[in-house]
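As structure tokens, the structure follows; a few thoughts come after it.
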Amino acid sequence: AQTVTQSQPEMSVQEAETVTLSCTYDTSENNYYLFWYKQPPSRQMILVIRQEAYKQQNATENRFSVNFQKAAKSFSLKISDSQLGDTAMYFCAFMNPDSNYQLIWGAGTKLIIKP
Amino acid sequence: DVKVTQSSRYLVKRTGEKVFLECVQDMDHENMFWYRQDPGLGLRLIYFSYDVKMKEKGDIPEGYSVSREKKERFSLILESASTNQTSMYLCASSLAGAAGETQYFGPGTRLLVL
């Protein structure tokens, strides 16, 4: 069975710093999707970034980028120039395309950006 | 923008009550999901529906049932609420078709069972 592990329950950094959230996963599949979702305090969960396993190029979305290491089964999220609005729970998730669109979720990392 | 709404943000119920949580999406998505979110456990899938009147059990379906009579609406039912069902409940929807589709979430319902 696939599993997703986020080893950092909580992190805090100063505003404008760069922070990296770690995620590892376990699968025997070759083709799959990986996601980072963000859940701000008292607000809705939203997608931050998505990576397709067959694409070697790391996905980027403005200040958010991933370091996808397929052989190591690692999928870390880097947030550059962190802002107060980045304070949130961040969840890593895995999808097997044959799984009826079901996501396997990590436990989450609580990220606090300090002014 | 996709909008997913849930009927209540906060709900307090007593043990043994029947509880209905409703979710509505306005983007004609085929897939709808109910998750339970608990600290340190991430999100766990309760039920999933890929079409009207179709449902599949997720990882933790015990004590729950669902109903999808219309495409835009997906209801979660706690037949007889228990204190261990105190949790945050999240609804999500997504397009069918290509894999890797984004799931869009509602604001969540925080349920307290006394």
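The values are calculated or read from the model by the stated rules, or taken from the named source; none is laboratory data. Predicted, not measured: the structure shown is a model, and the values here were computed from it. Cβ: placed from backbone, ideal geometry, glycine included. Neighbour counts: every protein chain shown.
When residues of segment B:69-88 are filtered for being closer than 16 Å to B:MET54 by Cβ and of a type in the set (Gly, Ala, Ser), how many remain?
Residues flagged as closer than 16 Å to B:MET54 by Cβ and of a type in the set (Gly, Ala, Ser) within segment B:69-88 amount to 1.
When you go through (1) touching a residue at least 12 places away in the same chain (Cβ under 8 Å); (2) touching a strand residue (DSSP E or B) at 6+ places or on another chain (Cβ under 8 Å) one by one for B:ASP28, which number turns out not to apply?
Single failed check for B:ASP28: (2).
Among the residues of segment B:80-114 satisfying the criterion of being among the β-branched types (Val, Ile, Thr) and touching a residue at least 40 places away in the same chain (Cβ under 8 Å), which is surrounded by the fewest Cβ atoms within 10 Å (Cβ to Cβ)?
B:THR83
So in segment B:62-75, with the set limited to residues that are free of Cβ contacts under 8 Å to residues at least 40 places away in the same chain and out of contact with any strand residue (DSSP E or B) (no Cβ under 6 Å at 6 or more places or on another chain), which one is nearest to B:LEU112 (Cα to Cα)?
Initial filter on segment B:62-75 (free of Cβ contacts under 8 Å to residues at least 40 places away in the same chain): B:62-70.
The next check asks that each one be out of contact with any strand residue (DSSP E or B) (no Cβ under 6 Å at 6 or more places or on another chain); those that pass are B:62-63, B:69-70.
On the way: B:GLU62: 18, B:GLY63: 15, B:GLU69: 27, B:LYS70: 28 Å.
Checking each candidate, the answer is B:GLY63.
Give the residues of segment B:80-110 that are more than 14 Å from every other protein chain (Cβ to nearest Cβ) and among the β-branched types (Val, Ile, Thr), sorted by residue number. Reasoning before the result, please.
In the first step, residues of segment B:80-110 are kept if they are more than 14 Å from every other protein chain (Cβ to nearest Cβ); the result is B:80-87.
Matches in segment B:80-110: B:THR83, B:THR86.
Can you name every residue in segment A:73-115 that is in a loop (DSSP other than H, G, I, E, B) and basic (Lys, Arg)? Lay out the reasoning, then the answer.
Applying the first criterion (in a loop (DSSP other than H, G, I, E, B)) to segment A:73-115 yields A:73, A:80-83, A:87, A:96-102, A:106-108, A:115.
Within segment A:73-115, just A:LYS73 meets the criteria.
Suppose the filter is closer than 19 Å to A:MET95 by Cβ and either surrounded by 13 or more Cβ atoms within 10 Å (Cβ to Cβ) or more than 10 Å from chain A (Cβ to nearest Cβ) (or both); does B:ILE77 pass it?
no
Out of segment A:11-49, which residues are in a strand (DSSP E or B) and away from every other protein chain (no Cβ under 11 Å)?
Answer for segment A:11-49, where residues must be in a strand (DSSP E or B) and away from every other protein chain (no Cβ under 11 Å): A:MET11, A:SER12, A:VAL13, A:GLN14, A:VAL19, A:THR20, A:LEU21, A:THR24, A:TYR25, A:ASP26, A:TRP36.
Residues are listed down the side, and each one gets a yes or a no for (1) assigned to a strand (DSSP E or B); (2) in contact with a strand residue (DSSP E or B) (Cβ under 7 Å, 6 or more places away or on another chain); (3) farther than 30 Å from A:ALA53 by Cβ; (4) within 14 Å of chain A (Cβ to nearest Cβ):
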| site | (1), (2), (3), (4) |
| --- | --- |
| B:VAL12 | yes, yes, yes, no |
| B:PHE33 | yes, yes, no, yes |
| B:GLY40 | no, no, no, yes |
| B:LEU45 | yes, yes, no, yes |
| B:ILE60 | no, yes, no, yes |
| B:LEU112 | yes, yes, yes, no |
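Tell me which of these B:GLY42 doesn't satisfy, since it passes every other one: (1) of a type outside the set (D, E, K, R); (2) buried (at least 17 other Cβ atoms within 10 Å of the Cβ); (3) touching a Gly at 6+ places or on another chain (Cβ under 6 Å); (4) at pLDDT 95 or above.
All conditions pass for B:GLY42, except number (4).
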